[in-house]
Amino acid sequence: MNLADEKWIMEYFFSVYIAYFEYQHYYSGAAANVIVTTDQGLRLQIPASRFRPFISQLGIRGRFKLTTDTHHRFQSLMRVA
């Protein structure tokens, strides 16, 4: 296997606190992306639709891990705490 064929995974950790009423703007499509700052200080723009599985009556709260490939294409988003 040559190095160019290997798939490298990038992981980004961040916290999100969006109140339920505020997330309604994202849910309705009025705002398409959520901008977060990772623990490393990077700003990432993530489609709001990726957070829909995590919404509760309080909104979206917690620590998350975003996984991308080497071309920064979405692989997964999971709550870690």
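Quick check on region 70-81. Is at least one of its residues within 15 Å of the chain's Cα centre (by Cα) and assigned to a helix (DSSP H, G or I)? No, region 70-81 contains no residue that is within 15 Å of the chain's Cα centre (by Cα) and assigned to a helix (DSSP H, G or I).
None of ARG52, ARG43 is closer than 19 Å to ALA81 by Cα and either basic (Lys, Arg) or at pLDDT below 90 (or both) except ARG52. Residues of region 32-60 that are surrounded by 15 or more Cβ atoms within 10 Å (Cβ to Cβ) and not hydrophobic (A, V, I, L, M, F, W, C): THR38, ARG50, GLY59. Residues in region 25-43 that are part of a strand (DSSP E or B) and charged (D, E, K, R): ARG43 only.
Starting from residues that are within 12 Å of the chain's Cα centre (by Cα) and hydrophobic (A, V, I, L, M, F, W, C), keep the ones in region 49-67 and report whichever is nearest to GLU11 (Cα to Cα). Only one residue tops the list, namely LEU66. Would you confirm whether any residue within region 6-18 is surrounded by 11 or more Cβ atoms within 10 Å (Cβ to Cβ), touching a helix residue (DSSP H, G or I) at 6+ places or on another chain (Cβ under 9 Å) and either part of a helix (DSSP H, G or I) or of a type in the set (S, T, N, Q) (or both)? No; the residues of region 6-18 include none that is surrounded by 11 or more Cβ atoms within 10 Å (Cβ to Cβ), touching a helix residue (DSSP H, G or I) at 6+ places or on another chain (Cβ under 9 Å) and either part of a helix (DSSP H, G or I) or of a type in the set (S, T, N, Q) (or both). For beta carbons closer than 8 Å, sequence separation of 6+ or different chains, a first residue in region 8-30 that is within 20 Å of SER76 (Cα to Cα) and a second that is modelled with pLDDT under 85, the qualifying pairs are ILE18/TYR26. Residues in region 44-65 that are within 11 Å of TYR20 (Cα to Cα) and part of a strand (DSSP E or B): SER56, GLY59, ILE60, ARG61.
The values are calculated or read from the model by the stated rules, or taken from the named source; none is laboratory data. Only a predicted model underlies this, so the values are computations on that prediction, with no experimental measurement involved. As a convention, Cβ positions derive from the backbone with ideal geometry for all residues, glycine included, and neighbour counts pool all protein chains shown.
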